[in-house]
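Report on the following structure.
The values are calculated or read from the model by the stated rules, or taken from the named source; none is laboratory data. All values reported here derive from a predicted model rather than from experimental measurement. For neighbour counting, all protein chains shown are included, and Cβ atoms are generated from backbone atoms with ideal geometry for every residue, glycine included. Just so you know, the surface numbers come from the protein's heavy atoms only, side chains and all, with ligands and any DNA or RNA stripped out. Shrake-Rupley method; radii C 1.70, N 1.55, O 1.52, S 1.80 Å.
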Amino acid sequence: MNLKKILLPPVFEKYNLMKYYHILFNKKKTIHLFKYERNFYWRVAFINKAVAKFKNCNYLELGVANNRVFNSIPLKMNKKFGVDPSEGGNFRMTSDEFFEKHQNLKFDVIFIDGLHHYDQCQKDCINSMKLLNPGGIIFLHDLLPRCEIEQVIPQSYSTWSGDVWKVAVELTHSTNVDFKICNIDHGLGILKLKNDFEYKKLDLKNSTFDEYLSFKKDFNIINSEDALDFIELN
Ligand SMILES: C[S@@+](CC[C@H](N)C(=O)[O-])C[C@H]1O[C@@H](n2cnc3c(N)ncnc32)[C@H](O)[C@@H]1O
């Protein structure tokens with residue numbers, strides 16, 4: 001067991017303590033309104049399936065944290081780019097700084113999992129779309145919060161998705177994109193682009209959780225088997 005876990009057991013971590021507070025005093029906002037598919041996959045399986053599709057894959061991950069996903073990518077270091085201002089990866093900077101400095105790079109697979117705020121995720125998505133090679137695939141994490149508290153800004157809960165579901169709404173309404181969400185692992189968005197794609201900004205800053213529940217009915221939510229097929233499809 002590592003020293004940090006001995007000195008600070010997970011139950012005493014900040015967001016777990018806040019979680020217990022909400023469960024006691026804010027219960028309604030913590031009740032899960034749906035379940036993720038129970039299966040034998042998590043995001044790494046899908047991202048790696050996409051990586052394996054490309055002969056000389058260039059991989060970009062925005063928000064790397066403890067390298068759990070990044071270390072699973074079986075590419076040489078000159079083919080994988082992990083961007084995080086705090087920990088993990090090989091580019092110690094924000095995603096905005098990365099896109100500013102590396103406008104000429106192109107990627108086949110991009111995993112967007114940085115700051116889980118609508119405006120930042122929207123920027124990350126639009127910037128990623130510009131750097132995606134034809135036929136490439138973009139993944140976005142945490143698009144399906146199960147209860148209100150999981151999407152409240154700022155974070156006050158351990159299983160936190162933020163309000164990046166608003167980007168899922170915009171992608172659902174965007175032009176010439178093929179966008180689906182796999183109902184696993186807090187909602188894994190899978191995005192492919194067609195010619196003349198256009199990201200649709202909808203100004204959802206003040207949209208509420210109830211609105212999310214209504215938008216969610218229009219999401220193209222798929223299971224793991226269909227997600228594997230979708231990734232494979234050219
Ligand atoms: C949810 S974690 C990433 C988890 C990782 N992708 C995984 O699947 O295991 C989010 C990470 O985003 C990073 N982050 C926060 N703001 C960012 C920004 N502006 N640009 C890039 N990364 C950012 C945080 O430091 C944190 O490590």
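At a glance:
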quantity: Whole-Å distance, taken between Cα centres, linking region 85-112 and region 200-234; calculated: 24
quantity: For region 40-232, size of Cβ-based charge dipole, Lys and Arg +1, Asp and Glu -1, in debye; calculated: 720
quantity: Backbone HN-Hα couplings from phi across region 201-207 [Karplus 6.51/-1.76/1.60, Hz, Gly and Pro as x]; calculated: 7, 10, 6, 9, 3, 9, 5
quantity: Lysines whose Cα lies under 20 Å from that of Lys180, excluding same-chain neighbours fewer than 8 positions away; calculated: Lys35, Lys49, Lys53, Lys123, Lys130, Lys166, Lys192, Lys194, Lys200, Lys201, Lys216, Lys217
quantity: Listed residue (Ile112, Ser72, Asn220) projecting farthest to the positive dipole end of region 40-232, Cβ model; calculated: Ser72
quantity: For Ala65, residues with placed amide H under 5 Å, excluding near neighbours; calculated: Glu87
quantity: Residues of type aspartates and glutamates that Lys79 reaches as a straight line, Cα spacing below 12 Å, ignoring anything fewer than 8 places off in the same chain; calculated: Glu61, Asp108
quantity: Vicinal HN-Hα couplings computed from phi for region 121-137 (Karplus, 6.51 cos²θ - 1.76 cosθ + 1.60; Hz; Gly/Pro x); calculated: 5, 4, 4, 4, 5, 4, 5, 5, 4, 5, 9, 7, 5, x, x, x, 10
quantity: 3J(HN,Hα) from dihedral phi, region 65-80, Karplus parametrisation 6.51/-1.76/1.60, rounded to Hz, x for glycine, proline; calculated: 6, 8, 6, 4, 7, 4, 5, 8, 7, x, 10, 5, 5, 7, 10, 10
quantity: The chain - percent of accessible surface contributed by carbon and sulfur, probe 1.4 Å; calculated: 52
quantity: Accessible area in square angstrom per residue, the chain, 1.4 angstrom probe; calculated: 53
quantity: Asn58 long-range amide H proximity, modeled H, under 5 Å; calculated: Asp108, Val109
quantity: Residues Ser214 and Thr175, FRET efficiency given R0 of 30 Å [Cβ-Cβ distance, rounded to 0.05]; calculated: 0.85
